[in-house]
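All remarks here apply to the structure that follows.
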2 protein chains.
Amino acid sequence: MNYEINSRIWIKADDNMLLGIGRVELLKAIDKTGSLSKAAVSMKMSYKKAWELIDSVNKSGALPAVRTSTGGKDGGGTVLTEYGKEIISIYEKIDQKCKLFLEEELKKIDFKCH
Amino acid sequence: MNYEINSRIWIKADDNMLLGIGRVELLKAIDKTGSLSKAAVSMKMSYKKAWELIDSVNKSGALPAVRTSTGGKDGGGTVLTEYGKEIISIYEKIDQKCKLFLEEELKKIDFKCH
């Protein structure tokens, strides 16, 4: 029998939900598209839902993770801040380490019944 | 700012969902009460839902995790098998190690923006 282990992690800041996999994917989609509405479409999510998630990330963290500019020659857009990039990178590193750790732990297990 | 990390793990056996936290809690409630219906009530879950979850655990694992006996002087009941006890113990040990690992990883992080 082939056993496999999966995990999900999430990070809270002062007891408020900051980042889970859904929020990380949305932030990365914003980084890729430069637009909250395009990011929402790419995630098959309503604009309202995407806006609420980003608002929650911005309010929970030490600093906003996303900045929206209006006007200018490109008509504005939404971009990640340094803090936004930092917390995504931290989340992804820990998530990857966690998955490797769990794989190693599972390998150590000797299932008596199999 | 105080950052905190949480996790959930689940174990698959030959690509089938075997154990997640909900299934583990249900199995432990069966172990405590000796009854699937009492376990379902204690988890505020319908009997049908509890039966389906246990049926899925029994069919996914190498051996059944739960055994039901009928009749006898105690009127039968539902108990965990050795395999059932083994996989719960494995799940809980790995889950606890995972949480400790994540706490340690988070401590190592130096948030530049905080």
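The values are calculated or read from the model by the stated rules, or taken from the named source; none is laboratory data. No experiment lies behind these values; they were computed from the predicted model shown. Counting neighbours? That spans all protein chains shown, and the Cβs are built from the backbone with ideal geometry, glycine included.
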### Task
Would you tally the residues in segment B:40-74 being surrounded by 19 or more Cβ atoms within 10 Å (Cβ to Cβ) and among the aliphatic types (A, V, I, L, M)?
7
### Query
When you look at A:Lys112, is it over 15 Å from the mean Cα position of the chain (by Cα), loosely packed, with under 13 Cβ neighbours inside 10 Å and more than 10 Å from every other protein chain (Cβ to nearest Cβ), yes or no?
no
### Query
Does B:Ile94 meet the test of being within 14 Å of another protein chain (Cβ to nearest Cβ), assigned to a helix (DSSP H, G or I) and in contact with an Asp or Glu (Cβ under 6 Å, 6 or more places away or on another chain)?
yes
### Task
State whether one or more residues within segment B:14-22 are touching a helix residue (DSSP H, G or I) at 6+ places or on another chain (Cβ under 6 Å) and surrounded by 14 or more Cβ atoms within 10 Å (Cβ to Cβ).
yes
### Task
Just one of (1) surrounded by fewer than 18 Cβ atoms within 10 Å (Cβ to Cβ); (2) in contact (Cβ under 8 Å) with a residue 40 or more places away in the chain trips up A:Ser37, so point out which.
(2)
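Only residues that are surrounded by 13 or more Cβ atoms within 10 Å (Cβ to Cβ) and either of a type outside the set (A, V, I, L, M) or at pLDDT below 95 (or both): list them for segment A:80-92, please.
If the condition is that a residue be surrounded by 13 or more Cβ atoms within 10 Å (Cβ to Cβ) and either of a type outside the set (A, V, I, L, M) or at pLDDT below 95 (or both), then A:Thr81, A:Tyr83, A:Gly84, A:Lys85, A:Glu86, A:Tyr91, A:Glu92 are the ones that fit.
Have a look at A:Ser89, A:Ser42 and point out the one that is polar (S, T, N, Q) and more than 27 Å from B:Trp10 (Cα to Cα).
After applying the criteria, what remains is A:Ser42.
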### Message
Within segment B:1-80, considering only strands (runs of 3 or more DSSP E) that don't extend past its boundaries, which have at least 3 residues that are among the hydrophobic types (A, V, I, L, M, F, W, C), touching a strand residue (DSSP E or B) at 6+ places or on another chain (Cβ under 6 Å) and within 10 Å of chain A (Cβ to nearest Cβ)?
### Response
B:3-13
